[in-house]
Ligand SMILES: Nc1ncnc2c1ncn2[C@@H]1O[C@H](COP(=O)(O)OP(=O)(O)OP(=O)(O)O)[C@@H](O)[C@H]1O
């Protein structure tokens, strides 16, 4: 689909001798927020890594912004925030972001903008090693925002954050999408699903659904998305037995 930022087809990934992504096909539309949801260990991070181009795949294709995942030309077009912050503890927030801006070729003026966007103005000169868990993950998110990438791939960006902060970050995601950025955000908190435009629901290495929240509610007859997810799992189990 020309309007898709990401097209995944027949993706298979083997990790630790086991197939952990088992024939996934999905599309991520441009300029909206797509949520990737599913229980711990279902393969979300592995799918995200395949899209970012850092995962060895056993089969299938992943096309990102019209190019094969991992293409050099994609490096500056994708912002990726991993689950475990990869940011130096002995630098201040500003220094760390300046460093990454230089590595990524992003303008230095991005640093202050990004610090404000992730709500770290008050900690701009604090050492990363002295930040709280939530502040640390927001600094990590800031790196992904440098250079205004076309596609943002965020692996559980709100984990460990209080509800107010989570809300603020989702407002930021919404603003970024309104400005044309494509966001792919993983979460295992189902209440975040309702904030997404599209949902990819995974379980056990497979995709259970690729729909909007409204379509998912209609398909399952459940108002609550957690219930909808559970109904899909039961449907799948019934179909197998
Ligand atoms: N480095 C690795 N070596 C071997 N197996 C791995 C490795 N990393 C992940 N796995 C396995 O791959 C499967 C999928 O893991 P993945 O991290 O993609 O799941 P996830 O849905 O992102 O989980 P979580 O929500 O807990 O982060 C799991 O069964 C996990 O044990």
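Please tell me if residue 93 is modelled with pLDDT of 95 or more and more than 9 Å from the ligand (Cβ to nearest atom).
So residue 93 fits the description; yes.
Which residue out of 234, 174, 198 is modelled with pLDDT of 90 or more and farther than 24 Å from residue 107 by Cα?
Matching residue, one of 234, 174, 198: 198.
Could you please tell me which pairs satisfy a Cβ distance under 6 Å, a separation of 6+ or placement on different chains, a first residue in the range 155-174 that is under 18 Å from residue 200 (Cα atoms) and touching a residue at least 60 places away in the same chain (Cβ under 8 Å), and a second residue that is more than 13 Å from the ligand (Cβ to nearest atom) and in a helix (DSSP H, G or I)?
Cβ pairs passing all conditions: 157/141.
I'd like the residue in the range 144-173 that is closer than 24 Å to residue 66 by Cα and not in a loop (DSSP other than H, G, I, E, B) and, out of all such residues, is farthest from the chain's Cα centre (by Cα).
This residue is 145.
Considering only the range 160-188, state which residues are within 16 Å of the ligand (Cβ to nearest atom) and in contact with a strand residue (DSSP E or B) (Cβ under 8 Å, 6 or more places away or on another chain).
Within the range 160-188, 184, 185, 186, 187, 188 qualify.
For residues that are in a loop (DSSP other than H, G, I, E, B), more than 23 Å from residue 46 (Cβ to Cβ) and touching a helix residue (DSSP H, G or I) at 6+ places or on another chain (Cβ under 8 Å), tally how many sit in the range 85-105.
So the count comes out to 4.
On the given criteria, is residue 83 surrounded by 15 or more Cβ atoms within 10 Å (Cβ to Cβ) and farther than 22 Å from residue 142 by Cα?
Criteria not met by residue 83.
Which of the residues spanning the range 183-241 are without any contact (Cβ under 8 Å) to a residue 60 or more places away in the chain and at positive phi?
Hit for the range 183-241 is 221, nothing else.
Kindly list the number of the only condition in (1) modelled with pLDDT of 90 or more; (2) away from the ligand (no atom under 16 Å from the Cβ) that fails for residue 154.
Answer for residue 154: the failing condition is (2).
Provide a single number: the residues in the range 208-219 that are surrounded by 15 or more Cβ atoms within 10 Å (Cβ to Cβ) and touching a helix residue (DSSP H, G or I) at 6+ places or on another chain (Cβ under 9 Å).
Going through the range 208-219 one residue at a time, the tally reaches 6.
Is the range 220-230 home to any residue that is more than 16 Å from the ligand (Cβ to nearest atom), in a loop (DSSP other than H, G, I, E, B) and crowded, with 20+ Cβ neighbours inside 10 Å?
No, the range 220-230 contains no residue that is more than 16 Å from the ligand (Cβ to nearest atom), in a loop (DSSP other than H, G, I, E, B) and crowded, with 20+ Cβ neighbours inside 10 Å.
Can you name every one of the strands (runs of 3 or more DSSP E) wholly within the range 6-84 that holds 2 or more residues which are within 15 Å of the ligand (Cβ to nearest atom)?
In the range 6-84, the matching strands (runs of 3 or more DSSP E) lie at 18-29, 33-37, 78-81.
The values are calculated or read from the model by the stated rules, or taken from the named source; none is laboratory data. Small disclaimer: the values here were computed from a predicted structure and weren't measured. Here Cβ is always computed from backbone atoms with ideal geometry, including for glycine, and neighbour counts include all displayed protein chains.
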